[in-house]
1. Please go through segment 331-385 and give me each residue that is in contact with a Ser or Thr (Cβ under 7 Å, 6 or more places away or on another chain) and loosely packed, with under 14 Cβ neighbours inside 10 Å, ordered by number.
2. Counting only residues that are β-branched (Val, Ile, Thr) and out of contact with any Phe, Trp or Tyr (no Cβ under 7 Å at 6 or more places or on another chain), which one in segment 287-317 is surrounded by the fewest Cβ atoms within 10 Å (Cβ to Cβ)?
3. Cβ-Cβ distance below 9 Å, separation of 6 or more or different chains: which pairs start in segment 323-342 with a residue that is on the phi < 0 side of the Ramachandran plot and end on one that is in a loop (DSSP other than H, G, I, E, B) and among the aromatic types (Phe, Trp, Tyr)?
4. Take segment 243-286 and flag every residue that is in a loop (DSSP other than H, G, I, E, B), loosely packed, with under 13 Cβ neighbours inside 10 Å, without any contact (Cβ under 8 Å) to a residue 12 or more places away in the chain and not small (Gly, Ala, Ser).
5. Which of the residues spanning segment 120-130 are surrounded by fewer than 16 Cβ atoms within 10 Å (Cβ to Cβ) and either within 24 Å of the chain's Cα centre (by Cα) or hydroxyl-bearing (Ser, Thr, Tyr) (or both)?
6. Residue 224 - would you say it is in contact (Cβ under 8 Å) with a residue 12 or more places away in the chain and at positive phi?
Amino acid sequence: MVELGIVGKPNAGKSTFFSAATMHVVPVEARPFTTIEPNYGVAHVRHPCPHTELGRPCNPRHGFCVDGTRFTPIKLIDVAGLVEGAHAGRGLGNRFLDNLRVADGLIHVVDASGSTDGDGNRVPVGYWDPERDVEMLDREIVLWVKGILERDWNTLLRRARVQRREIHEELSKKLSGLGFTEDAIRDSLRRVGGDPESWGSRELEELAGILVGKRFPTTIVANKADIAPRENVERLVEKYEAVPASADYELLLRLAASKGLIEYTPGEGEFRIKEPSRLSEAQLRALRKVEEFLAEFGSTGVQEALEKTVFGKLDMIVVFPVEDENRWTDKEGNVLPDAFLLKRGSTALDLAYAVHTDLGEGFIRAIDGRSKRALGRDYVLKHLDVIKIVARA
């Protein structure tokens with residue numbers, strides 16, 4: 001399952017974003033380092049569901065489907081807030097960074113309102129420049145990786161010489177626990193250029209920056225857009241393609257929907273109050289503010305940020321494996337029970353291994369559920385493909 005890290009400085013709204021996206025409500029307080037241990041939860045990304053082509057409803061084993069829109073699960077990790085100097089252990093830095101090892105991508109929740117300083121302490125709205133937070137977090141992750149490189153760089157070079165190995169081979173073994181691939185390491189070394197034997201601090205920092213850019217695709221979320229100066233939001237959108245958001249509003253809507261007070265589908269730009277008489281005047285005022293926000297921005301931004309990261313930054317597609325290519329069912333007759341998120345460019349063989357190792361090892365062919373055409377192991381999957389895998393028993 002795809003895993004995303006929710007990152008940012010203390011008090012930027014990370015935990016509220018996490019709670020809104022997962023409905024796993026975690027402690028939120030107006031003080032730094034409320035989150036110490038990471039929180040784990042399941043969120044969902046939206047995409048069309050092929051069951052509409054069948055005229056029969058689907059039976060998701062995981063996630064759910066609403067009016068032809070499928071919600072496929074992903075994992076979220078809400079980690080401790082990051083402050084300047086985290087790479088050297090300041091705050092909860094080392095713990096924060098170690099928790100990112102399993103993340104496929106990051107969502108950086110930024111306080112666009114400028115109402116918290118670099119350490120997450122409260123300041124007047126507009127006092128702090130949120131661009132400083134974007135730059136700080138990027139640099140801290142780069143310096144963390146640079147520190148890992150520096151610790152054994154000379155030993156690594158010497159080992160490569162003695163064993164007559166390429167440097168990228170030795171480096172890939174050292175960084176394998178961080179999820180860096182050998183191809184990414186080889187390309188990053190090439191981009192820095194020159195002889196690694198003569199590299200110093202500057203070159204290692206450049207190498208770390210290139211590696212981090214490849215390893216951690218990141219979506220910037222301009223959170224607290226409901227109270228932020230508009231120029232702050234516009235600047236973050238223009239410079240970083242940030243997603244304007246109000247995690248507070250998304251959490252409010254999801255909680256109200258869970259209590260049956262409103263009808264709301266995550267990510268939509270509107271909601272419907274079921275029985276206004278059940279709500280207090282204060283609740284109605286709060287919902288009217290949310291309506292104004294939705295009218296301006298189109299959504300609360302939470303769902304959009306998840307999908308921008310998964311389908312945009314990570315370039316994933318969704319594929320539906322089935323047992324029966326004619327009825328699009330599993331052995332029990334469930335329609336389109338599974339939806340797999342895979343990297344664009346994945347093949348039929350990759351899907352087989354993703355479903356089960358035995359299917360990959362016994363792969364014979366795949367069958368396209370729409371055309372019924374036989375497909376080889378090298379067939380490149382398309383978004384929303386329905387595929388049957390034929391394998392040796």
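Bear in mind these aren't lab numbers, they're just calculated from the coordinates by the rules spelled out. It should be emphasised that the depicted structure is a prediction, and the values quoted were computed from it without experimental measurement. All Cβ positions, glycine included, derive from the backbone under ideal geometry; neighbour counts span all protein chains shown.
1. Taking segment 331-385 as the starting set, the residues that turn out to be in contact with a Ser or Thr (Cβ under 7 Å, 6 or more places away or on another chain) are 335, 339, 341, 377-381.
Residues satisfying the conditions are 378, 380.
2. Of all residues in segment 287-317, those β-branched (Val, Ile, Thr) come to 290, 300, 302, 309-310, 317.
Keeping just the survivors that are out of contact with any Phe, Trp or Tyr (no Cβ under 7 Å at 6 or more places or on another chain) gives 309-310, 317.
Working: 309: 24, 310: 26, 317: 19.
So, considering only residues that are β-branched (Val, Ile, Thr) and out of contact with any Phe, Trp or Tyr (no Cβ under 7 Å at 6 or more places or on another chain), the one surrounded by the fewest Cβ atoms within 10 Å (Cβ to Cβ) is 317.
3. 335/328
4. The answer is 259, and nothing else.
5. 127
6. It is true that residue 224 is in contact (Cβ under 8 Å) with a residue 12 or more places away in the chain and at positive phi.
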